[in-house]
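Read through the structure below, which is laid out as structure tokens, and then see the notes.
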């Protein structure tokens, strides 16, 4: 759970329902230690490698050790990064429909879009590695997909180098004007 959302009553309900959670406590949180356990030897489980500050994690799963709890919390960041990619690259500002079904369809479509793009990027990265070409960022891949979406290209060739312009026979005069205008700006 995100530490910005602190609801001790909810934590209690989750514990009663046998739901497990791991969250980071805010620095000003008031809590009482009811049991102290020995930390595993040879592990630095109290440090945050990004900013070298001690963090306090709260969990209701008492069967897990401290290193497992900290591992769960670290994995949470991968989920955060995934949703950050969705927000930044798909630019979903509002929902098209208001019914539960419409919202679910839009979310599932976004998830499928991101996962498919990640898959295409991994293929592109491996092709570019074979050609000794530098890989490019996920956001660049999204941009190139947007630009190339409605033109015919051999997917295998495009994944190897999406920056190559399509053959002139595939460009209409209207598209050529748009390409020239975008080059001028």
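On inspection, residue 37 does not qualify as at pLDDT below 80 and under 30 Å from residue 110 (Cα atoms). With respect to the conditions (1) at pLDDT below 75; (2) touching a strand residue (DSSP E or B) at 6+ places or on another chain (Cβ under 9 Å); (3) surrounded by 10 or more Cβ atoms within 10 Å (Cβ to Cβ), residue 31 lacks only one, and its number is (3).
The residues of region 57-81 that are surrounded by 13 or more Cβ atoms within 10 Å (Cβ to Cβ) and either outside the structural domain of residue 26 (by TED's automatic domain parsing) or not in a helix (DSSP H, G or I) (or both), listed by number, are 57, 58, 59, 60, 61, 64, 65. Here are 90, 81, 111: which of them is modelled with pLDDT of 85 or more and within 28 Å of residue 159 (Cα to Cα)? Being modelled with pLDDT of 85 or more and within 28 Å of residue 159 (Cα to Cα) holds for just one of 90, 81, 111, which is 111.
Restricting attention to region 46-57, which residues are at pLDDT below 75 and within 16 Å of residue 77 (Cβ to Cβ)? 47, 48, 49, 50, 51, 53, 55 - these are the residues of region 46-57 that are at pLDDT below 75 and within 16 Å of residue 77 (Cβ to Cβ).
The values are calculated or read from the model by the stated rules, or taken from the named source; none is laboratory data. Remember, it's a predicted structure, so these values are computed and weren't measured experimentally. Because the Cβ atoms are built from the backbone with ideal geometry, glycine has one as well, and the counts that use them run over all protein chains shown.
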